[in-house]
Amino acid sequence: MTSEAMKTKRTIGIFASYYRPHLGLFLLDMSCALCISLIDLAFPIVSKLSMERLLPGRQFEAFFTVMLVLLLAYVLRSGMYYIVGYFGHTLGVRIEADIRRDLFSHMQDLSFSFFDKNRTGHLMSRVTGDLFEITELAHHGPEDLFISAVTLIGALIVMLGIEWRLAVIIFSVVPLFVVFTVFQRRRMILASSHVKQRLAGINGDLESSISGMRTAKAFSNEEEEISKFNVSNERFKTSKQEYYRAMSFYQAMLEFFMSVMSVLVIAVGGYFLMQGELTYIDLITFSLYITAFLSPVRKLSAFVDQYMVGMAGFNRFVELMRTSPEVTDRPGARDLSSVKGDIDLEDVSFSYEGKTDVLEHINLRIKAGETLAVVGPSGMGKSTLCQLIPRFYDVTAGRILVDGRDIRDVKQKDLRSRIGIFQQDVFLFAATIYDNIRYGKPDATREEIIEAAKRAELHEDILQMPDGYETYVGERGALLSGGQKQRVSIARIFLKNPPILILDEATSALDSVTEARIQSAFDELARGRTTLIIAHRLSTIRNADRVIVIDGAGIAEEGTHEELLAAGGEYASLWRAQQATRAEQE
């Protein structure tokens, strides 16, 4: 089900829709559950028949035949339980996989702004922990509810036939329990939701702490991290205790309710027995059905608990699925066919969530094949400018055109496939070097991948590694040097071969020797492409065709490196300051 369809349907309807693709398994599970219920209902009535007719009438052959049939019925019942256990859980797992597929697919569609505001650990909690509990509910929920309903109705019918007055007295207690359950259910839902939120908080803190473990050790702040974790862990413990308090009160009242029913049967049944209105066999049979009656009540109690936990997770899933991406394709958005690389920014302004103005009234034309450097103080919108071109965010005002076409009229996937982006914080997947390079073009041949590595000046380094191209890079590329990670990312872009290239502070974290080596790869990469370079080190942009300086008011200066030095403005000041710093370091 799509996220748009979920906005118009009730949560329980959405939950039920996930059974539709697996209807065969669901019906098999329910059929076996029905057989189990019928066998359980048959035992007391068969026992009554045997005690009233077969044994007093000395019909021993018939009696042992009935016992054999009962034995075979319980063999069948065991087989039914196997089917319910195996195929029922298989059904739950398939539903979980479908939900996880939809959730992950939807998260791929969400905009950058969503991930700016949501912690990774919180999202992980929704994709893992929540879905496990949804699986348990998907399997056990309908099954327990169905078995309980059949058993309760069947037991009621038989008990009414034995002694209707006693049955009415017994079942008069049920509405009281139902009312109690409804009120207690609300308390348990709220407590379960709090548990989910706290668990997501713990996952978020864990993700942050584990990712920043090297920083924590570098500052000897292990105790600080433990302290922060203990705070969130204590909140989780408190919320869990609230849930268990509500659950325990419910279960205690359930046990009281069931005990009262047993006492009522003996007390009222004993009275009818004394009056000669009930036989011992009828009372024993009635007691057996009370036992059969209490079993589904216990199942319903477990179902309520399971429903609270599972639906709390499912509600969080639906909430996320109903979140719309802020950047979407317009109706009728077109493919972006052959791209030369002309880029125009026409009166472009941008603010985050309509609050913080970052860019105002930017007008800029970049010709196909031109290399443009963007410089300026930190926080003036250099990176934001380059994130607007691939539509990671939408402009607040104005428009951006690629080859004369408004990028909002072009499919996002098609636009981004024509743009290569290289950032200072290179992200590598926990896989091999080969797989990380291949990410730039998943259908690339091995020869193409090796050629890309050669052009990124990485091939020789790879050959010296123990496993060559199959070398594992570690979490986020931790087993590679900074320069090697950069060149893996460069090779990835060579493989993608986009007509537009964006280099965002690509070498600012590297030493001078590594920077010089990487710079030559960038020069090769930029050849023949429209290239935007966001640079902190001005020495890396001397060969740019044009340089613009961005400040809080927009584009403050524009020209070649030599022209801006001669103008003696802000660019010249930045250049002199960096040259002086380099001279001091040398």
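The values are calculated or read from the model by the stated rules, or taken from the named source; none is laboratory data. All figures in this text were calculated on a predicted structure; none of them were measured in a lab. Cβ placement follows ideal geometry from the backbone for every residue including glycine, while neighbour counts extend to all protein chains displayed.
For this structure, a couple of remarks:
- Restricting attention to segment 61-111, the residues being under 15 Å from Ser31 (Cβ atoms), of a type in the set (A, V, I, L, M, F, W, C) and within 28 Å of the chain's Cα centre (by Cα) number 2.
- The single condition among (1) part of a helix (DSSP H, G or I); (2) hydrophobic (A, V, I, L, M, F, W, C); (3) surrounded by 15 or more Cβ atoms within 10 Å (Cβ to Cβ); (4) in contact (Cβ under 8 Å) with a residue 60 or more places away in the chain that Phe249 does not satisfy is (3).
- Scanning segment 41-90 for residues that are touching a Ser or Thr at 6+ places or on another chain (Cβ under 6 Å) and charged (D, E, K, R) turns up just one, Lys48.
- Members of segment 261-279 found to be assigned to a helix (DSSP H, G or I), surrounded by 14 or more Cβ atoms within 10 Å (Cβ to Cβ) and either touching a residue at least 40 places away in the same chain (Cβ under 8 Å) or not hydroxyl-bearing (Ser, Thr, Tyr) (or both), listed by number: Met261, Leu264, Val265, Ile266, Val268, Gly269, Phe272, Leu273
- For Ile555, the conditions (1) aliphatic (A, V, I, L, M); (2) part of a strand (DSSP E or B); (3) more than 41 Å from the chain's Cα centre (by Cα) all hold with the exception of (3).
- Flag for Phe293 being in a helix (DSSP H, G or I), closer than 30 Å to Glu133 by Cβ and within 37 Å of the chain's Cα centre (by Cα): no
- In segment 20-50, the qualifying residues are those that are surrounded by fewer than 17 Cβ atoms within 10 Å (Cβ to Cβ) and among the hydroxyl-bearing types (Ser, Thr, Tyr), and the one that is farthest from the chain's Cα centre (by Cα) is Ser47.
- With respect to (1) assigned to a helix (DSSP H, G or I); (2) modelled with pLDDT under 85, the lone exception for Asn543 is condition (1).
- Some residue of segment 340-348 being in contact with a Pro (Cβ under 9 Å, 6 or more places away or on another chain) and either buried (at least 21 other Cβ atoms within 10 Å of the Cβ) or of a type in the set (Phe, Trp, Tyr) (or both): yes
- Checked against (1) over 19 Å from Leu160 (Cβ atoms); (2) at pLDDT 80 or above, Leu336 meets all criteria but (2).
- Answer residue from segment 359-404, given it is charged (D, E, K, R) and part of a loop (DSSP other than H, G, I, E, B) and is surrounded by the most Cβ atoms within 10 Å (Cβ to Cβ) among those: Arg391
- Single match in Thr356, Thr396, Thr384, Thr371 (criterion: touching a helix residue (DSSP H, G or I) at 6+ places or on another chain (Cβ under 6 Å) and hydroxyl-bearing (Ser, Thr, Tyr)): Thr371
- Number of positions in segment 480-499 that are in contact with a strand residue (DSSP E or B) (Cβ under 7 Å, 6 or more places away or on another chain) and in a loop (DSSP other than H, G, I, E, B): 2
This table checks each residue for (1) more than 30 Å from Gly310 (Cα to Cα); (2) at pLDDT below 70; (3) touching a helix residue (DSSP H, G or I) at 6+ places or on another chain (Cβ under 6 Å).
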site	(1), (2), (3)
Ser148	no, no, yes
Ala167	yes, no, yes
Val178	no, yes, no
Lys217	yes, yes, no
Glu225	yes, no, yes
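- Condition check for Thr285 on (1) surrounded by 14 or more Cβ atoms within 10 Å (Cβ to Cβ); (2) within 30 Å of the chain's Cα centre (by Cα); (3) β-branched (Val, Ile, Thr): one failure, at (2).
- Answer from Ala444, Ala452 - the residue that is among the hydrophobic types (A, V, I, L, M, F, W, C) and assigned to a loop (DSSP other than H, G, I, E, B): Ala444
- Those helices (runs of 4 or more DSSP H) lying entirely in segment 1-61 with at least 1 residues aromatic (Phe, Trp, Tyr): 11-17, 23-49
- Restricting segment 62-115 to residues that are polar (S, T, N, Q) and over 30 Å from Gln412 (Cβ atoms) leaves a set whose member that is surrounded by the fewest Cβ atoms within 10 Å (Cβ to Cβ) is Ser78.
- In segment 354-382, the residues that are closer than 20 Å to Asp504 by Cβ and modelled with pLDDT under 85 form Cβ pairs under 7 Å with partners that are of a type in the set (Asp, Glu) and assigned to a strand (DSSP E or B), at six or more places apart or across chains, as follows: Gly376/Asp551; Pro377/Asp551; Met380/Asp551.
- Selection count where residues are modelled with pLDDT under 75 and in contact with a His (Cβ under 7 Å, 6 or more places away or on another chain), scope segment 299-317: 0
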